[in-house]
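To start, the structure itself, in structure tokens.
What follows draws every value from the coordinates through simple rules; no lab data is involved. Computed from a predicted model, the values in this text were never measured in an experiment. Positions of Cβ are backbone-derived with ideal geometry, glycine not excepted, and every protein chain shown enters the neighbour counts.
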Amino acid sequence: MQLENKRIIVTGCASGIGAGTIRAFAREGAIICALDRDAAGGEAAVSEANTGSGGSVHFYHCDIAERDQVFDVFRDAEAAMGGLDVLVNVAGIENSGAAEDFTDEDLSHMWSVNINGTVHTNQAACKLMQKQGAGAIINFSSDAALAGMPNSAAYAASKGAVLAWTKTIAYEWGVKFNIRCNTVCPAIRTPMYEAWLAGLTEEDRQAHLAAEKLRVPIGGSMGDVDKDMAPVMVFLASDASKFIDGQIFCVNGGRNMVRG
Amino acid sequence: MDTELAGQVVVVTGATANIGRAIALAFASKGARVVAVGRDREAGERVTAEAQARGAQRAVFVEEDLLDPAAAIRIAEAAAELGSIAVLVNNVGGNVGTGLFVESDPNTWLGDLDLNLLTILRMTHAILPDMIERQAGRIINIDSTAGLVGDYLLPLYSTAKAAVHGFTRTLAKEVGQHGITVNCVAPYGTMAANPAAFSRGSRFHPQSDFFQKLGKSSPEDRGENEAPGRRAPERPGATGRHRRRRVVPCCQQHQFCHRPDTAGGGRDPALIERELR
């Protein structure tokens, strides 16, 4: 088991990549505090992750956009686990719309979760990790940040901010606290993606799927959370990647190929 | 986590030293059938013995110099005797030519590109048809950070490694449709605990003087005979002593770093200015 007794916080655990991550981490022997603002979804995902593993996953209700809430929950999680080795900050939101139409309200909402939420969770983790002189943080950006994404300008911009933030703390906190920080850019089938797909007209959906077939060298479509995403998360959380810091991992079957 | 590598045929070039050796042994520990390629038979046999000890299902050494254009085909044939190649690790290469580009000898360029780029192309070309036929395979090119950022004093090496990046992405697009992934890893400098186990040609071998020469800008500094006429002309402004193109000391944060940082890199610009004088 590659994560035996690693103490890990995962945000956005209720569905998609977060849920897949806690399932994989539980199988690899980690002790996990799983966070989400969706209590019912989060509890269900945690219960599923605990099935067949050691029952080491615990749910905490948390909205990462709320600074005080994040620091409180992280303090409780640390007390429950006896420390914090890894933070995986999956939680994020997406909204579509023409770039010229985004309102300040749209933007504030997007920033509050994707940017402020990243900063809050990272700072709270840093505070705990620096006490033990080591740690690993995995943040989520997107190919949208690297290549742009039509109709998702606000999302792309927020993920660009995550990238710049993570690169910066990878150096800053690496030097000061021995905390390593990496970024993942996934192209994985998630409920967020399925919902977006469902919102398209049949014609657009078929056009999109046909385009994906050409765009993604491996598999011809978005990847699977358990088969394609989870092993990379295990690697980045484990000591196998302890010399990797400040890097971008595009888990996308070769889609875009915007970063080498 | 099961890597599903047990019994899989893995070819590692440049497997007799440092990164390649460590990669071959890591695959061995997962029960793979390891084909270790190198020039130094004694070092190769040390690798295969160690690979067997670590759990390799098979471990064979193939003595070949990849600079020989026919070597890649022979390696592919030798590996095929163990089964279809599941993984090719193109590790062979090396930053042999160090110094300022302006002072480099054009006659050495092709040699540097051959070692760091064409070896990878030839080896990949030799094994691809089989992978395409089976609609499966992994190709891992060991690149370098030099290919991403450009390493000062390693102009040809950095250029070749940047080309490997381009090749990797292009080939990934070409063969993804066949279920073959192509990726590269870009390490920075690495050191091993037991360099004496390495091949004699390794720059890390205790008898190598590579690192003594590294960072010295001219053949004269490196203790080599300087060709007449290649010395940089004296500058009119030099104050009474011979003035050669100077190598700015590195940022001094890393053993292998030769980054001249014009912005100062946190160091006192006046100090850099003094060093330049």
task = Run down the lysines and flag those whose C-alpha is under 17 Å from the C-alpha of B:Lys173, throwing out any fewer than 8 positions away in its chain.
result = A:Lys213
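Take B:Val102, B:Val9, A:Val184, B:Val37 and order them by how many other Cβ atoms sit within 10 Å, fewest up front.
Values: B:Val102 9, B:Val9 22, A:Val184 25, B:Val37 30.
Starting with the residue having the fewest Cβ neighbours, the order is B:Val102, B:Val9, A:Val184, B:Val37.
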key: Where trypsin sites (Lys or Arg not before Pro) fall in DSSP loop in the stretch B:6-35, at most 14 other Cβ within 10 Å   = none
remark   = So, over other residues within a Cβ distance under 12 Å of B:Asp114, counting Lys, Arg +1 and Asp, Glu -1, the net charge is -2
task = Would you tell me the mean number of C-beta atoms belonging to other protein chains that fall within 10 Å of each C-beta in B:183-192, as a whole number?
result = 1
Axial C-alpha extent at least 24 Å, average Kyte-Doolittle at least -1.0 - helices from chain A (DSSP) = A:116-132, A:153-177
request  = Among A:Ala19, A:Ala161, A:Ala99, determine the one that fluctuates most according to a GNM of chain A built with springs between C-alpha atoms less than 10 Å apart.
outcome  = A:Ala99
Eligible aspartates and glutamates near A:Lys167 by straight Cα distance, threshold 14 Å, same-chain separation 8 or greater = A:Asp245
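Using only the Cα atoms of the stretch B:9-213, build the gyration tensor, take square roots of its eigenvalues as a ≥ b ≥ c, and label the shape rounded, prolate or oblate: rounded if a/c is under 1.5, else prolate if a/b is larger than b/c, else oblate. Please list the in-between numbers first.
Working: a/c = 1.84, a/b = 1.19, b/c = 1.54.
Oblate.
Run through the DSSP bridge list for chain A and note the antiparallel percent, rounded to the nearest 5. Intermediate values should be presented prior to the final figure.
On the way: 0 of 30 bridges.
Within chain A, antiparallel bridges account for around 0 percent of the total.
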message = Can you return the aspartates and glutamates within cross-link range of A:Lys242? Criterion is Cα-Cα under 18 Å, with same-chain partners fewer than 8 residues away left out.
response = A:Glu4, A:Glu28, A:Asp85, A:Glu172
note = Applied in sequence order to the stretch B:114-129, the curve 6.51 cos²θ - 1.76 cosθ + 1.60 (Karplus, θ = phi - 60°) yields integer Hz couplings, x standing for Gly and Pro, of 4, 5, 9, 10, 5, 4, 5, 4, 5, 5, 5, 4, 6, 9, 4, x
query = What net charge is computed for the residues neighbouring A:Ile188, neighbours being all others with C-beta under 15 Å from the C-beta of A:Ile188, Lys and Arg scored +1, Asp and Glu -1?
reply = -1
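Count the net charge of all other residues whose Cβ sits under 15 Å from the Cβ of B:Phe27, scoring Lys and Arg as +1 and Asp and Glu as -1. Could the numbers behind the result be given before it?
Values: positive: B:Arg21, B:Lys30, B:Arg33, B:Arg54, B:Arg58, B:Arg138; negative: B:Asp2, B:Glu4, B:Glu50.
Neighbourhood net charge equals +3.
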For chain A, built as a Gaussian network whose Cα springs stay under 10 Å, the top-fluctuating residue of A:Glu94, A:Glu212, A:Glu203 = A:Glu203
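Determine the relative contact order of the stretch B:9-213: mean sequence separation of Cα pairs under 8 Å and six or more apart, normalised by residue count, in whole percent.
Details: 399 pairs, mean separation 42.5, N = 205.
The value is 21 percent.
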